[in-house]
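**Q** Dropping a structure here in structure tokens format, bear with me for questions.
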Amino acid sequence: MPSSRCFSVEIIRFGHSWWINWDRSMYYERNDTAAKTRTTTLNEELGQIEYIFSDKTGTLTQNIMTFNKCSVGGKSYGDLLDSRGEPLEIKEDTKKLDFSWNPMYEPSFVFYDGSLLAAVRRGEPQVCLLFTVLALCHTVMPEIKDGKLEYQAQSPDEAALVGAARNFGFVFKSRTPTTITIEVQGQQEIYELLCILDFNNVRKRMSDILAKMKSRHHAGDPPSGGAPGGAMDVVSVTDPGQTSETYRMRNINNGAFGVPHDGTTVLEDSELSGFALVINGHSLVFALEEKMELLFLEVGCMCKAVICCRVTPLQKALVVDLVKKHKKAVTLAIGDGANDVSMIKTAHIGVGISGQEGMQAVLSSDFALAQFRYLERLLLVHGRWSYFRMCKFLEYFFYKNFAFTLCHFWFAFYCGFSAQVG
Ligand SMILES: [Mg+2]
């Protein structure tokens with residue numbers, strides 16, 4: 001009997017795997033890549049995931065940077081809102097802004113929110129200052145290819161920001177060792193470049209000092225009107241010395257951590273539900289020490305999200321292992337590069353993205369996807385249905401065996417437990 005059950009379970013699991021492989025909603029046409037189930041035994045566990053560990057670079061960003069939103073003077077631009085002020089979903093047929101009035105525009109640039117363009121056309125000082133700064137404060141080099149202006153940037157985010165300024169009419173034209181030339185709404189402006197302070201991890205910003213203006217822009221600077229909407233306060237742990245201090249923090253007043261001297265007040269879950277914990281690799285070394293790891297886990301689980309930045313592949317695996325070991329929960333790790341392999345192998349379920357960083361992650365995974373966004377469907381649709389089907393099957397299996405065995409058992413009273421057949 002057990003062998004027939006195992007065989008039937010395997011048939012169902014095999015079927016689930018094919019449903020996942022054949023799902024057109026998880027097929028990525030551009031790369032001609034469908035979802036692939038590399039193991040048949042974990043389908044029903046997809047519906048029971050409690051903790052997801054995700055790589056960022058490549059997995060989430062695809063290493064493609066686009067200018068989608070900005071906040072100027074406390075006002076958020078980039079979302080399309082309906083008449084009630086609710087954000088509208090951007091679909092393929094959503095109307096894109098027309099930048100063809102700008103002779104330097106790039107046809108590939110896409111933006112939907114007309115209020116930002118209207119603010120530029122009205123000449124709103126803060127919006128114009130933002131784009132002027134974006135056009136001036138960077139290390140991009142311009143070049144003319146086939147008569148067209150193109151940018152060579154060290155990083156994709158620089159290219160995205162300078163490109164956005166260009167499309168909104170603040171065109172970075174050329175640079176010499178001492179000057180930067182931009183074109184603002186058709187008018188040429190030349191700035192004398194006095195000094196460049198390169199980006200570094202201590203200042204977390206780069207600065208240009210120019211003859212007529214001092215500019216400083218940094219993506220992490222809080223906007224003057226408070227953070228618009230992107231919902232959580234961030235508790236940042238970037239200094240190894242802070243690690244133990246921060247974990248002793250036990251109350252929150254108006255979004256700020258406080259440190260009571262007795263350290264005895266225990267946080268209610270709800271108090272931290274809107275917080276994210278950011279911890280870097282150096283601090284994680286201390287956080288994962290034996291005497292600290294449970295405190296790290298406790299604080300991490302109270303937060304809405306935990307971001308571990310600049311960590312080694314081994315540390316990724318240790319964090320997964322920490323949750324797996326102490327929370328007794330089903331975990332999933334998703335990544336796209338060779339540095340995610342240890343994390344993918346440690347979690348109960350490993351998902352590999354067949355992206356631009358090779359196939360190592362896919363080869364060590366249980367499920368391979370072409371895009372991160374397909375994870376939602378894999379877990380909430382296939383995971384849910386696999387779990388339901390397996391439960392139904394086991395209920396039916398129990399019912400069938402019970403009915404089958406009961407007849408024999410009942411007949412045994414009549415045949416006196418002999419071997420007589422009915
Ligand atoms: Mg990666």
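The values are calculated or read from the model by the stated rules, or taken from the named source; none is laboratory data. It should be emphasised that the depicted structure is a prediction, and the values quoted were computed from it without experimental measurement. Every residue, glycine among them, receives a Cβ derived from its backbone with ideal geometry; neighbour counts consider all protein chains shown.
**Q** Output the number of residues of the stretch 75-85 satisfying the condition of being in contact with a Pro (Cβ under 7 Å, 6 or more places away or on another chain) and either buried (at least 17 other Cβ atoms within 10 Å of the Cβ) or not assigned by TED's automatic domain parsing to the domain that holds Asp113 (or both).
**A** 2
**Q** Here's another thing I want to ask about it. Restricting the search to the stretch 86-95, which residues are within 26 Å of Gln126 (Cβ to Cβ) and surrounded by 11 or more Cβ atoms within 10 Å (Cβ to Cβ)?
**A** Once the filter is applied, which keeps residues that are within 26 Å of Gln126 (Cβ to Cβ) and surrounded by 11 or more Cβ atoms within 10 Å (Cβ to Cβ), the stretch 86-95 yields Pro87, Leu88, Ile90.
**Q** Take the stretch 361-373 and flag every residue that is surrounded by fewer than 22 Cβ atoms within 10 Å (Cβ to Cβ) and out of contact with any Ser or Thr (no Cβ under 6 Å at 6 or more places or on another chain).
**A** Listed by number, the residues that qualify are Leu363, Ser364, Gln371, Arg373.
**Q** All but one of (1) part of a loop (DSSP other than H, G, I, E, B); (2) in contact with a helix residue (DSSP H, G or I) (Cβ under 6 Å, 6 or more places away or on another chain); (3) hydroxyl-bearing (Ser, Thr, Tyr) hold for Tyr151; which doesn't?
**A** Every condition holds for Tyr151 apart from (1).
**Q** Sort out for me the strands (runs of 3 or more DSSP E) sitting completely within the stretch 278-366 that have 3 or more residues that are at pLDDT 90 or above and at negative phi.
**A** 330-335, 349-353
**Q** Could I ask something else about it? Where the second residue is more than 12 Å from the ligand (Cβ to nearest atom) and assigned to a loop (DSSP other than H, G, I, E, B) and the first is in the same structural domain as Phe14 (by TED's automatic domain parsing) and lies in the stretch 43-59, which pairs have Cβ atoms under 6 Å and are six or more apart or on separate chains?
**A** What qualifies is Glu50/Ala329; Tyr51/Ala329.
**Q** Moving on. For residues in the stretch 4-62 being within 16 Å of the ligand (Cβ to nearest atom) and of a type in the set (Val, Ile, Thr), which is modelled with the highest pLDDT?
**A** Ile52
**Q** Show the residue pairs that are 6+ apart or on different chains and have beta-carbon atoms under 6 Å apart, the first residue being within the stretch 87-98 and under 17 Å from Phe67 (Cα atoms) and assigned by TED's automatic domain parsing to the domain that holds Tyr112, the second being among the β-branched types (Val, Ile, Thr) and at pLDDT 80 or above.
**A** Lys96/Val110
**Q** Hey, another quick one. Within the stretch 72-96, track down each residue that is at pLDDT 90 or above and hydrophobic (A, V, I, L, M, F, W, C).
**A** Within the stretch 72-96, Val72 is the sole residue that qualifies.
**Q** Sort out which residues of the stretch 192-208 are closer than 16 Å to Leu130 by Cα and either in a loop (DSSP other than H, G, I, E, B) or more than 36 Å from the chain's Cα centre (by Cα) (or both), and write them in order of number.
**A** Result: Arg205, single match.
**Q** Quick one: would you say Lys291 is more than 19 Å from the chain's Cα centre (by Cα), within 16 Å of the ligand (Cβ to nearest atom) and either assigned by TED's automatic domain parsing to the domain that holds Thr57 or farther than 25 Å from Glu45 by Cβ (or both)?
**A** In short, no.
**Q** Sticking with this one: Given (1) among the polar types (S, T, N, Q); (2) touching a Phe, Trp or Tyr at 6+ places or on another chain (Cβ under 6 Å); (3) closer than 23 Å to Thr33 by Cα, identify the lone condition not met by Ser365.
**A** Ser365 satisfies every listed condition except (2).
**Q** Also, I was wondering about something else. For the stretch 343-358: of the residues being within 13 Å of the ligand (Cβ to nearest atom) and more than 15 Å from the chain's Cα centre (by Cα), which is nearest to Ile20 (Cα to Cα)?
**A** Ser354
**Q** If you don't mind, another one. Identify the residue in the stretch 63-93 that is within 16 Å of the chain's Cα centre (by Cα) and away from the ligand (no atom under 16 Å from the Cβ) and, among all such residues, is farthest from Ala370 (Cα to Cα).
**A** Residue satisfying both the conditions and the ranking: Asn68.
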